[in-house]
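Beneath this line is the structure, given in structure tokens, with notes to follow.
The values are calculated or read from the model by the stated rules, or taken from the named source; none is laboratory data. Every value quoted in this text rests on a predicted model; they were computed, and no experiment measured them. Because the Cβ atoms are built from the backbone with ideal geometry, glycine has one as well, and the counts that use them run over all protein chains shown. All accessible areas refer to the heavy atoms of the entire protein, side chains included, with ligands and DNA or RNA removed. Shrake-Rupley method; radii C 1.70, N 1.55, O 1.52, S 1.80 Å.
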Amino acid sequence: MKFTTLRLGDRTAAARVEGDTAIEIEGYADLGDLLRRGSLDVEATGPRHDLATADLAPVVPAPGKIVCVGLNYRNHILEMGRELPEYPTLFAKYPEALIGPRDEIVLPPESDKVDWEGELALVVGTKVRRASAEEAEAAIAGYAVLNDVTMRDYQYRTPQWFQGKTWEDTTPFGPVLVTPDEVPADAVMVTRLDGEELQRTPINDLVFSPVALVQYISTIFTLNPGDVIATGTPGGVGHARKPARYLSAGQTLTTTIDGIGELANVAVKAPVAAGV
């Protein structure tokens, strides 16, 4: 099954995706609302929309928590000159960072080192704390595509990465949530900039699997329906290239995962506020 969140003028709506059509699930404001209030096993009987032209919000517009994992693909760890970690590297992102799968990425005027990080994101479907492997697997409602667009100059101002990771209107997330049974075991993630391939890695190259991440993170705090875990990026980021490369205004960043779908986002420069 596949689900999305539609923007419909002054409101949003959860929708089930069937082929090229998104069908509203009446009574639910978005996919997060649907997950918090019950199961994905609900009927979609509302108005129908062409998925190709629909205005798509972040698939979960306002997660209670967005937990991100750094250095979780073997090839990315090696390109950054680090050893394989014993434990996951975790940081947080706020919902204000999220944008829809076709929205513009807003490049802040304060940074000139904006990098791409294509990622598989998982969405929690049931409340879990100190989950066993079986409980963790059952708690995953499904998967989506995310790009953890990063301000590298701010990320490396201090040993803590947070300030480079959660700038507003920078993180595309979507286009749909796909239940685990529909994601191919050999799915590949590809990131492109203006059509040039920059990242290509099977999502099963993760050091810490989605199930292991739910287990580990739920040991620290409760994971609730609608919470998001971004599982990390593979090799091919711009900051690690020689010479380094970064995202510029006017460029189109696309991120695709087999069986899930594609993000396609144009970068635009944010105006400098008056008096700044």
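Any residue that is of a type in the set (Ser, Thr, Tyr) and surrounded by 15 or more Cβ atoms within 10 Å (Cβ to Cβ) - is there at least one of those in segment 31-47? No - not one qualifying residue is present in segment 31-47.
Table: residues versus (1) assigned to a loop (DSSP other than H, G, I, E, B); (2) open to solvent by 40 Å² or more (accessible area, probe 1.4 Å); (3) on the phi < 0 side of the Ramachandran plot; (4) not aromatic (Phe, Trp, Tyr).
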| position | (1), (2), (3), (4) |
| --- | --- |
| Gln199 | no, no, yes, yes |
| Val214 | no, no, yes, yes |
| Ile217 | no, no, yes, yes |
| Gly226 | yes, no, no, yes |
| Gly235 | yes, no, yes, yes |
| Pro243 | yes, yes, yes, yes |
| Leu253 | no, no, yes, yes |
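Kindly establish whether Glu110 is at pLDDT 95 or above and open to solvent by 40 Å² or more (accessible area, probe 1.4 Å). Against the criterion (at pLDDT 95 or above and open to solvent by 40 Å² or more (accessible area, probe 1.4 Å)), Glu110 qualifies.
The requirement of being among the acidic types (Asp, Glu) and either part of a loop (DSSP other than H, G, I, E, B) or open to solvent by less than 10 Å² (accessible area, probe 1.4 Å) (or both) is fulfilled nowhere in segment 132-146; no residue meets it.
In this structure, does Phe173 turn out to be in a loop (DSSP other than H, G, I, E, B), in contact (Cβ under 8 Å) with a residue 12 or more places away in the chain and of a type in the set (A, V, I, L, M, F, W, C)? Considered against the rule, which asks whether it is in a loop (DSSP other than H, G, I, E, B), in contact (Cβ under 8 Å) with a residue 12 or more places away in the chain and of a type in the set (A, V, I, L, M, F, W, C), Phe173 comes out as no.
In this structure, is Asn72 surrounded by 23 or more Cβ atoms within 10 Å (Cβ to Cβ) and at pLDDT below 95? Against the criterion (surrounded by 23 or more Cβ atoms within 10 Å (Cβ to Cβ) and at pLDDT below 95), Asn72 qualifies.
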